[in-house]
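Worksheet for the structure shown next.
The values are calculated or read from the model by the stated rules, or taken from the named source; none is laboratory data. Everything numeric here is computed off the predicted structure, so don't read it as measured data. Neighbour counts are summed over all protein chains in view; Cβ atoms, including those assigned to glycine, are modelled from backbone coordinates with ideal geometry.
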Amino acid sequence: MKNVFFCALALFLSGAAVNAQKNAEDVIKKLDAQTETYSAIAQNIWNLAEMGYQEEKSSALLQKTLSDAGFSITTGVANIPTAFTAEYGSGSPIIGIMGEYDALPGLSQEAVAEKKLAGKAAGHACGHHLFGTASTAAAIAVKDWMLSNKIKGTIRFYGTPAEEGGSGKVYMVRDGLFDDVDVALHWHPSAQNAASAGAALANKSAKFRFYGVSSHAAAAPQMGRSALDGVEAMNSMVNMMREHVIQEARIHYVITDGGKAPNVVPDFAEVYYYARHNTRDIVIDIFDRIVKAAEGAALGTGTTMDYEMIGGTHELLPNLTLQKVMHDNLSKIGGVEYTPEEKLFADKIALSLGQKEADLATAKNIQAYKTEAKAFGSTDVGDVSFTVPTVGMGAATWVPGTSAHSWQAVAAGGTTIGKKGMMVAAKTLTLTAMDLFKDKDLIAKAKAEFMERRGADFKYIPLLGDRSPALDYRN
C-alpha cells in the first residue's frame, strides 16, 4: 500500500496535476495519463476485499488519495468509522460523487479465467473496488479543472461503505449529509456500457433469531425445544406465502446458524431475510407478513424469537434531465476495446458462461438510451435519489454476459479489463460534473423534475427505522 500512496502523492504534488486543465479534452488526456496510478489503487482495494463496515484500509487509501489531491476530509460520518466525505471548493453549486468499496462474503477468487479460490474471506464480486476508485478519480479531475478555470462551487466525494446489505448511504441520508447537495452522481460496474434511466428495488432485510432449549437429541429429546425447528417452520410459512404476494416481489433467505451438532437440540438458530419490490409500501407490507410468520413459528415450536433490522432502502427515483446528459457524455467517451491478451481471457470467461466467445461489440459499444428500466436489484443510492437529484451509469468492467456476484465478476475486476471500464466511468462522471458546474439552468431543470417526480408532500422515512448502523452485520 505504501507504494500506491507514494505513487499517488508524487502525481498530485507534481506541476502536471493542474497544468493546462482548461477544457474537456485536456481533462480526459490527464485521466488517461493517470490510468496506471488509479489502476494500482483499485487493485490494492481488490486485494484487500474488505466486507461492509470492515473497510478500514480501503477507506483509508481513498481518503489519503483525496487528501493528497487537496481535498478536506471528514471521517467517521453518520457514526460509521469507514464512511467519510472529501470536499474541495466552497459555495454553490455543490456536486456530490458517491464511491463504494465493500466486498461480498464467500466469493474469494483469483484474477484468472477459471474458478480458483484466492484463500480470502470475501471478493469484489460487485466491483466496488473499481466504483470507489473511479469516483475518486473523477472528483480529483473535476477539482483540478475547477482550479485551472477558477470555477466557483464545491465538489464533494462521499465515501459510502456497506452498500451490500448494510445500507450505508441510508444512515448518511438520515443524518442530513446530502441535504445541501444540488446533484449527486454515481456509477456501477457492469457487463455493458449504459446510461439510461435506472431502476432499483426497495428492500427490507433482517436477521430473525430463535431461542430454544438444548438437550440430548436421542436420550432426552422431550426436554428440548429446537431453535432450528423455529427457523424451518418460519421458512416453510414464508415459502407458502410466496404464492400470495404480488408477482414482482422477491424474498430471499439464508440460514446463518442452524446449530452445531445433530445430536444436540440447538438452543439458537438464525435466518437472514430480504424482501424486495419496486415500491417501498409493498415491501413494508411483505416484511410485516414475514415477521408474523416468524412469530407464528416461534409459538408453534415452543421457542422464542426476536429480530434485528439490518438494512432498508428505497427504490430509485430517476431524473431524465440528468440522465440524457450522462448518456451523451458516455457516448463521447466510448466503451472498452480488448487487447489480444484480454480477448483470450474474455473468451475463456465466456466459455464458462455457456458462450462460444466473448461479445466484443457489447464491451465496445454504448447501449441505446432508454427512458424506462426494469429493476432487478437494490441499492442504497435509492435513498439518495429521494433526497437530491441523482444520476448514474454502468461501464463494462466485466466480460459481457457476466452476472454480478459471481466468480467471473471477481476475476475480471482484478484484470486490466476491469480497470479499462473503471476509467470509462471516471471520464463520464467527470464530464457530467463539469457540465453541471457550467450550466446552472441544467441544475434548475433537474431540480424541477425531481420535485415533480417525488411529490410536494413527500416525507423521507428510512425503511430501517431509527436503528444505529449495523456495524457488525458481517460478523
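In segment 414-421, the condition of being within 24 Å of the chain's Cα centre (by Cα) and more than 27 Å from Y158 (Cβ to Cβ) is met by at least one residue.
Scanning segment 222-253 for residues that are surrounded by 13 or more Cβ atoms within 10 Å (Cβ to Cβ), more than 25 Å from K204 (Cβ to Cβ) and out of contact with any strand residue (DSSP E or B) (no Cβ under 9 Å at 6 or more places or on another chain) turns up nothing. Tell me yes or no: at least one residue of segment 322-344 is within 22 Å of H252 (Cα to Cα), in contact with a Leu (Cβ under 6 Å, 6 or more places away or on another chain) and crowded, with 21+ Cβ neighbours inside 10 Å. No, because not a single residue in segment 322-344 is within 22 Å of H252 (Cα to Cα), in contact with a Leu (Cβ under 6 Å, 6 or more places away or on another chain) and crowded, with 21+ Cβ neighbours inside 10 Å. Based on this model, can you work out whether K356 counts as surrounded by 15 or more Cβ atoms within 10 Å (Cβ to Cβ) and either among the basic types (K, R) or on the phi > 0 side of the Ramachandran plot (or both)? No: the conditions fail for K356. Residues in segment 147-179 that are within 20 Å of the chain's Cα centre (by Cα) and assigned to a loop (DSSP other than H, G, I, E, B): T160, P161, A162, E163, E164, G165, G166, S167, D175, G176, L177, F178.
Limited to segment 432-450, what total is found for residues that are surrounded by fewer than 22 Cβ atoms within 10 Å (Cβ to Cβ) and either in a loop (DSSP other than H, G, I, E, B) or of a type in the set (A, V, I, L, M, F, W, C) (or both)? The total comes to 6. For Y338, the test of being assigned by TED's automatic domain parsing to the domain that holds R209, of a type in the set (F, W, Y) and under 29 Å from the mean Cα position of the chain (by Cα) is failed. Among the residues making up segment 293-312, those that are over 31 Å from the mean Cα position of the chain (by Cα) and not hydrophobic (A, V, I, L, M, F, W, C) are E295, G296, G300, T301, G302, T303, T304.
Okay, residues lined up against (1) assigned to a helix (DSSP H, G or I); (2) touching a Cys at 6+ places or on another chain (Cβ under 7 Å); (3) among the aromatic types (F, W, Y):
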site: Y274; (1), (2), (3): no, no, yes
site: I282; (1), (2), (3): yes, no, no
site: F287; (1), (2), (3): yes, no, yes
site: E295; (1), (2), (3): yes, no, no
site: Q323; (1), (2), (3): yes, no, no
site: E341; (1), (2), (3): yes, no, no
site: A346; (1), (2), (3): yes, no, no
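Within segment 100-149, the set of residues being more than 13 Å from A404 (Cβ to Cβ), among the aliphatic types (A, V, I, L, M) and buried (at least 24 other Cβ atoms within 10 Å of the Cβ) comprises A134, A137, A138, A139, I140, A141, V142.
Quick one: would you say T256 is touching a strand residue (DSSP E or B) at 6+ places or on another chain (Cβ under 7 Å), surrounded by fewer than 17 Cβ atoms within 10 Å (Cβ to Cβ) and in contact (Cβ under 8 Å) with a residue 60 or more places away in the chain?
Details: touching a strand residue (DSSP E or B) at 6+ places or on another chain (Cβ under 7 Å): yes; surrounded by fewer than 17 Cβ atoms within 10 Å (Cβ to Cβ): yes; in contact (Cβ under 8 Å) with a residue 60 or more places away in the chain: no.
For T256, the condition - touching a strand residue (DSSP E or B) at 6+ places or on another chain (Cβ under 7 Å), surrounded by fewer than 17 Cβ atoms within 10 Å (Cβ to Cβ) and in contact (Cβ under 8 Å) with a residue 60 or more places away in the chain - is not met.
Is it the case that some residue within segment 276-289 is buried (at least 22 other Cβ atoms within 10 Å of the Cβ), under 29 Å from L442 (Cα atoms) and aliphatic (A, V, I, L, M)? Among the residues of segment 276-289, not one is buried (at least 22 other Cβ atoms within 10 Å of the Cβ), under 29 Å from L442 (Cα atoms) and aliphatic (A, V, I, L, M), which makes the answer no. When segment 347-366 is limited to residues that are of a type in the set (A, V, I, L, M, F, W, C) and more than 24 Å from the chain's Cα centre (by Cα), the one that is farthest from G394 (Cα to Cα) turns out to be L351.
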